[in-house]
Amino acid sequence: MDTNILVQAIISGLLMGGVYALVAVSLNLIFGVMKIINFAHGVFMMLGMYFTYWVSVFLGIHPYLSLLISMSALFVIGFLIQYGLINRIIEAPEHNQLLLTLGIALFLENLALFLWSPNFRMVKVTTLAGAMHAGDLMFSTPRVIAFGAALCMTVFLYLFLMKTSCGKAIRAISQDREGAHVIGIHRKIIYSVAFGIGAACVAAAGTMITPFFYITPTVGMVFVITAFVIVVLGGLGSFWGAFFGALIVGIAESLGEVLLSGSLKQVPIYSIFILTLLLRPKGLFGKKHV
Amino acid sequence: MKKRVKREVNRREFIKGMGALGAAVTFSGFPRLAHSAEEVKFGVVEPLTGPLAPLGLSDRRGYEQAVDEINAAGGIKSLGGARLRIMLGDSEGKPEVGMAETEKHIQRGAVAVMGAFQSAVVFATTQVAEKYKTPFIVGVGVAESITQRGFKYTFRPIATDAWHIRDEYEYLAYIQKKKGVKIKTIGIFYEDTLWGQSSAKAWKKLAAEKGYSIVADLPYPHATSDVTGVISKLKAANPDVAMTVAYISDAILVTKTMKDLDFNTQAIIGMGGGHQDDAYIRTIGKLAEYVSVCENWENDLKIPGVKEANENFLKRNGVEMDCVASMCYTCVYVLKDALERAVSTDRERLRDALAKTHLKPGEKGNIQPSSIIFEEAGQNKDARTVIAQIQNGKRRSIFPPEFAASTPIWPMPKWKDRK
């Protein structure tokens, strides 16, 4: 095997890992705070991609410029879904919450099929497209940008959770629901804000990949299954666990792609996943008491 | 108050009526086949709802156009101008539903049934038709084994999946002769479910027979997030020609990655699926240029009737005729031809007439690029495919040369030489 191909695989895996990170970190935020497994996460990503698509088609602007629009739109959608729907069943058994988020996902996905048809679309970009070459190595420009954006976004999110009072309230509520309630944190609002932020982050992931990925109502599934694996791998509720877990999975997947063939490329990911569950059930970066 | 009108038939009237009817039958002969107002019904079974609905719709348009054309031109002449009537059945994309629909059509008097888009459904529906001794004309459904079961009532005018691959190699032979180039190495990359795997097997078998060497054999999972690894391996192998089968999502991603990695080769030849989809060109625009695809039909073929059928289709539906619509269209004409020769709507006679079908390309509504002559098990032994290349944002037929509207651009320009 050519070393060039291996290095190329590590690079593209790392870049893809950045995109996975953004999906997984936001999924983990929702899980960490509300203990809700959000099956609608992939659908939020898809909605973010469509917002970007329509904004760039109608306004004729570069998809990156629609980032704030798709993020705010998804923040509002996420906030309302949490406020109006999920808050009602937040104390219900977990499988009921699961059914609700799955139901929301099915509804939104089919709505997208109805509104926009299952046709594949792609945002046509001319600037910041293509690839940079260093010797025989290729760095896809939009992927490098997506990776950078994912890194920035993760850092921002981290600072937000650590430094701002809203972030502190989110953390407080994730540590002790009752206690937070007692000291006057408005639980329903904070839940809704956290869910909205999660949705906005995954919308950002959607926006960042539109220059190199196709858009279709079922596109979220491509990423979100992997994101679930990452979240468990990194440790449920662990912020940096999700981030580094994503990079590990990205690299494992692309090395699997060149060393094994076809669907076997998933084998390294799931091997790591199973080993983690066996040897370190709380995840690579998980705390003892999640 | 509503006035109730009693309309009873008393015995006297009944006897009178029957007497008149009896006299009519006696004097005019039994109103069997040669009656001008007669209708000949046939059934179609297509995925009209469900995920394949858009393609089922295309099939339906093909059938309906042929029926309308035939009826407007005077129906089935040997049956006294009997009109064709289509009975629609929805398979929902499921074999068991397809079977039920086929049975329903047959019980309602269909002389023949057509369909059913998916090979899995065709497998089931042809069994029902065989049981009821009713001809089944396969519109779309390319699995080779459909016509390897020795069925007497199954007829397939189009080429099987294996023949697509045979024709790809014929195209390579043609190019080498025409352009004076040497093609030795082939890279194959394919989605790794049944479709891709069986194609790969056929590619490898024929490559060995014809003296090509497969230098890259690269399966990939469908709907994956990244194909950089696959394409970098393909690039490292540097094949003269790359052949693939891909669904549209993967075809889009692969083509973009090829550009990013600056992968150049003499030709990229897809097979049906994603590369045959207009959305492939619409979605990636210029990146799709020069990519070739092996398919059953193209709407610019130089065959009598293609232009008219395509124009009529465009007028009726607002879109150009596609490959699957053309195949269904042809099936109706195959039925018409057989009915003319059978001079009967008896299914057994119709079967015998179908078995003796001999239609040249362009003859009596056969707009396919080959003659239609069924062998024992119902496969059209002359069936062949078309190779098209995307030129100026449209698929143009380039092979076989006798029907092609355009000529191959060979080799594909390198990425850096394109605008």
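The table that follows gives values for the structure above.
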{"quantity": "Residue B:259 part of a helix (DSSP H, G or I), surrounded by fewer than 21 Cβ atoms within 10 Å (Cβ to Cβ), within 10 Å of chain A (Cβ to nearest Cβ) and more than 29 Å from the chain's Cα centre (by Cα)", "calculated": "yes"}
{"quantity": "Any chance residue A:64 is hydroxyl-bearing (Ser, Thr, Tyr), away from chain B (no Cβ under 14 Å) and out of contact with any Gly (no Cβ under 6 Å at 6 or more places or on another chain)", "calculated": "yes"}
{"quantity": "Any pair with Cβ under 7 angstrom, 6 or more apart, that starts in the stretch A:242-260 at a residue that is more than 14 Å from residue B:225 (Cα to Cα) and ends at one that is assigned to a helix (DSSP H, G or I) and of a type in the set (D, E, K, R)", "calculated": "A:258/B:233"}
{"quantity": "Counted residues, the stretch B:169-215 - those being in contact with a strand residue (DSSP E or B) (Cβ under 7 Å, 6 or more places away or on another chain) and either within 19 Å of residue B:250 (Cβ to Cβ) or not in a helix (DSSP H, G or I) (or both)", "calculated": "19"}
{"quantity": "Those residues of the stretch A:193-224 which are at the interface with another protein chain (Cβ under 9 Å from one of its Cβ atoms), in a loop (DSSP other than H, G, I, E, B) and in contact with a Phe, Trp or Tyr (Cβ under 8 Å, 6 or more places away or on another chain), in sequence order", "calculated": "A:214, A:216, A:219"}
{"quantity": "The stretch A:122-171, subset more than 23 Å from the chain's Cα centre (by Cα), within 11 Å of chain B (Cβ to nearest Cβ) and of a type outside the set (Val, Ile, Thr), residue farthest from residue A:49 (Cα to Cα)", "calculated": "A:136"}
{"quantity": "Any chance residue B:290 is out of contact with any helix residue (DSSP H, G or I) (no Cβ under 9 Å at 6 or more places or on another chain) and either in contact (Cβ under 8 Å) with a residue 60 or more places away in the chain or over 19 Å from residue A:254 (Cβ atoms) (or both)", "calculated": "yes"}
{"quantity": "Unique match (being free of Cβ contacts under 8 Å to residues at least 60 places away in the same chain, assigned by TED's automatic domain parsing to the domain that holds residue B:226 and more than 21 Å from the chain's Cα centre (by Cα)) among B:107, B:176", "calculated": "B:176"}
{"quantity": "Scan of the stretch B:236-251 for residues that are surrounded by fewer than 24 Cβ atoms within 10 Å (Cβ to Cβ), in contact with an Asp or Glu (Cβ under 8 Å, 6 or more places away or on another chain) and outside any loop (DSSP other than H, G, I, E, B), ordered by number", "calculated": "B:236, B:248"}
{"quantity": "Some residue of the stretch A:1-16 being of a type in the set (D, E, K, R) and within 13 Å of chain B (Cβ to nearest Cβ)", "calculated": "yes"}
{"quantity": "Matching residues in the stretch A:248-277 - criterion: being more than 22 Å from residue A:37 (Cβ to Cβ) and away from every other protein chain (no Cβ under 14 Å)", "calculated": "A:271, A:275"}
{"quantity": "The stretch B:278-310: number of residues that are more than 14 Å from chain A (Cβ to nearest Cβ) and of a type in the set (Phe, Trp, Tyr)", "calculated": "2"}
{"quantity": "Odd one out for residue A:118, checked against (1) in a helix (DSSP H, G or I); (2) within 14 Å of chain B (Cβ to nearest Cβ); (3) not aliphatic (A, V, I, L, M)", "calculated": "(1)"}
{"quantity": "Given (1) touching a residue at least 40 places away in the same chain (Cβ under 8 Å); (2) among the polar types (S, T, N, Q); (3) within 13 Å of another protein chain (Cβ to nearest Cβ), number of the condition residue B:228 does not satisfy", "calculated": "(1)"}
{"quantity": "Unique residue being within 16 Å of residue A:191 (Cβ to Cβ) and either hydroxyl-bearing (Ser, Thr, Tyr) or assigned to a loop (DSSP other than H, G, I, E, B) (or both) when the list is A:12, A:56, A:70, A:26", "calculated": "A:26"}
{"quantity": "Selection from the stretch A:126-185 of residues that are of a type in the set (Asp, Glu), in a loop (DSSP other than H, G, I, E, B) and exposed (fewer than 14 other Cβ atoms within 10 Å of the Cβ)", "calculated": "A:176"}
{"quantity": "Positions within the stretch B:262-277 being of a type outside the set (A, V, I, L, M, F, W, C) and either within 14 Å of another protein chain (Cβ to nearest Cβ) or within 14 Å of the chain's Cα centre (by Cα) (or both), in sequence order", "calculated": "B:262, B:264, B:272, B:273, B:274, B:275, B:276, B:277"}
{"quantity": "Condition check for residue B:180: small (Gly, Ala, Ser) and either buried (at least 21 other Cβ atoms within 10 Å of the Cβ) or farther than 21 Å from residue B:388 by Cα (or both)", "calculated": "no"}
{"quantity": "Among residues of the stretch B:121-131, those that are in contact (Cβ under 8 Å) with a residue 60 or more places away in the chain and under 23 Å from residue B:346 (Cα atoms), counted", "calculated": "1"}
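The values are calculated or read from the model by the stated rules, or taken from the named source; none is laboratory data. This is a predicted model, so every value here is computed, not measured. Methodologically, a virtual Cβ is constructed for each residue, glycine included, from the backbone with ideal geometry; neighbour enumeration extends over all protein chains shown.
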